[in-house]
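Some notes on the structure that comes next.
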Amino acid sequence: MAQEVPATLWLIESVLLFVSFSTGLAEKGIRLGRPLIMPADTIAEIRRRWSRGQSLAAIADRLNVEARETAHGGRRWYVSTIQAV
């Protein structure tokens, strides 16, 4: 039991440090993770469809039907991917 407390405190401290670190980066406009490499025409198409009132799901479905490559070279579009644009 005595050893569990330090391990738990270490985990809590690690999470707090990561959140603090990533929040500071976000405030500076720095994103963690893989960068999005999406063609400009795909971004424009997503934004055009969104501005015309299409739902995120409808946009994802349409991009899947068109078999457009995702930002990371995948074949399947998800609502969360569209939302990130």
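Couple of notes before you dig in:
- Hits in the range 45-85 - residues which are small (Gly, Ala, Ser) and surrounded by fewer than 16 Cβ atoms within 10 Å (Cβ to Cβ): Ser51, Gly53, Ser55, Ala57, Ala58, Ala67, Gly73, Gly74, Ser80, Ala84
- Residue ID - nearest to the chain's Cα centre (by Cα), chosen from residues in the range 70-85 that are in contact (Cβ under 8 Å) with a residue 12 or more places away in the chain and not in a helix (DSSP H, G or I): Val85
Results for (1) at positive phi; (2) modelled with pLDDT of 70 or more, shown as yes or no for each residue.
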| site | (1), (2) |
| --- | --- |
| Leu17 | no, no |
| Ala26 | no, no |
| Ile30 | no, no |
| Asp41 | no, yes |
| Ile59 | no, yes |
| Asn64 | no, yes |
| Ala67 | yes, yes |
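The values are calculated or read from the model by the stated rules, or taken from the named source; none is laboratory data. Bear in mind the structure is a predicted one, so any value in this text is a computation, not a measurement. Don't worry about glycine lacking a Cβ; one is built from the backbone with ideal geometry, like all the others, and counts go over all protein chains shown.
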